[in-house]
Amino acid sequence: MSLPIRRRTFLGHSLAGLAAASPSLNAMAQDATKPLRIGLVSAASYGATYGPDPQPRTPGSNHGTAFATIFNGFDEEKAKAFKGTFVRASKRIEGARVVKIWDPDAVAAKAIADICGIATVAGSAEECVTDVDLALCIDDGSGAQWKYAEAALRKGIPTFCDKPLAMTAKEAASIAAVARETGTKFMSASSLRFVPDIVKLREDAKGIGPIRLCTVTGPGDLVYYGIHALSMAYAVLGPGVVSAHNTGREGGHIVRLRHEKELDIVLLVGARERMRAGFSIQLFGEKGNLRVEPDLKDLYAYLLEAFLDLALRDKVSVPLEEEVELIAALEAGQRSLELGREVKLGEVR
């Protein structure tokens, strides 16, 4: 995989309006032949700290190491010696390079920098998004990686915030407001939106429509990992969820999401210790039905291609308000379980 990423093209499309106000961007414009420079934030350790039973951060990161290796590659012998999670991407995206990494675990950050040839281990999250062209804020298990995005957005750096955008609709809306206020390009999405099987399904669905029912399944926590399953439905059907009714239980969610297009989405999300649900989506239309279990190979590369399309070509694949709505739908599903009734999205927004 090789995208036609060129620093000169990026500067022309994305930074022209900012260069006059920023000495660092003016300096960048003088040397437009080098690869785009990426700052990778909170990308070297992981701990599920968002729930009622927080887990300590441990070295390694699924998304952080996958993103780093997509752009920089890696030294296999050094990777073998790393004591922690290390995902080796099988495809590369050329023309951009991770030049800075930061993580609360400085030792892990230094180790991954060494494995992936990252020049600088930053001393803070803000330093990591200073004098770079793109910022990637990584899923670190906190559900609060959106907080790291603000510094980059206020510097005018096109920013990707890993899933989930936030754990609540109000938090998601607050960082979206910063992006609108600053006019900075900003994207957050699940990688499952962009795998070829789901992209194809969106086209195939036209042949069986109108769609009246959609079921999606996936493992894990409802908000933190349910975003992957629900994102498949959003990728195919678009936004428009107005309410959620969860008739399941903790660890086994059955959420009926009412959609304004006169259809329902049934979201099934099971905790890994209770059930081994895989990702699937099934559409029931007036003319037939379709079922897909998506192939997840190279899913992170497809996701990063979509972000680069935004940064380089102004192509918006996931409108920010749609991602905020998706978080609201998941939160409403969680709230519904707690209250024992249907919850409208307006109640959590």
Residues 316, 255: which one is touching a helix residue (DSSP H, G or I) at 6+ places or on another chain (Cβ under 7 Å), at pLDDT 95 or above and buried (at least 20 other Cβ atoms within 10 Å of the Cβ)?
-> 255
Every pair of residues 6+ apart whose Cβ atoms lie under 7 Å, when the first sits in segment 171-182 and is among the hydrophobic types (A, V, I, L, M, F, W, C) while the second is modelled with pLDDT under 95 and surrounded by fewer than 18 Cβ atoms within 10 Å (Cβ to Cβ) | 173/349
Some residue of segment 45-58 being at pLDDT 95 or above and buried (at least 21 other Cβ atoms within 10 Å of the Cβ) | yes
Conditions (1) among the hydrophobic types (A, V, I, L, M, F, W, C); (2) outside any loop (DSSP other than H, G, I, E, B); (3) within 20 Å of residue 323 (Cα to Cα) -> residue 108 fails only (3)
Reported set for segment 111-142 where residues are assigned to a loop (DSSP other than H, G, I, E, B) and in contact with a strand residue (DSSP E or B) (Cβ under 7 Å, 6 or more places away or on another chain) is 118, 119, 122, 124, 129, 132, 133, 138, 140, 141
Considering segment 143-179 alone, what residues qualify as being among the small types (Gly, Ala, Ser), touching a Phe, Trp or Tyr at 6+ places or on another chain (Cβ under 7 Å), part of a loop (DSSP other than H, G, I, E, B) and surrounded by fewer than 23 Cβ atoms within 10 Å (Cβ to Cβ)?
-> 143
Among the residues of segment 269-277, is any modelled with pLDDT of 95 or more, assigned by TED's automatic domain parsing to the domain that holds residue 335, in a loop (DSSP other than H, G, I, E, B) and over 21 Å from the mean Cα position of the chain (by Cα)?
-> no
Enumeration of residues in segment 180-196 that are assigned to a helix (DSSP H, G or I) and either surrounded by 21 or more Cβ atoms within 10 Å (Cβ to Cβ) or over 18 Å from the mean Cα position of the chain (by Cα) (or both) | 180, 181, 182, 191, 192, 193, 194
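The values are calculated or read from the model by the stated rules, or taken from the named source; none is laboratory data. Bear in mind the structure is a predicted one, so any value in this text is a computation, not a measurement. Ideal geometry is used to build each Cβ from the backbone, glycine not excepted, and the neighbour counts take in all protein chains shown.
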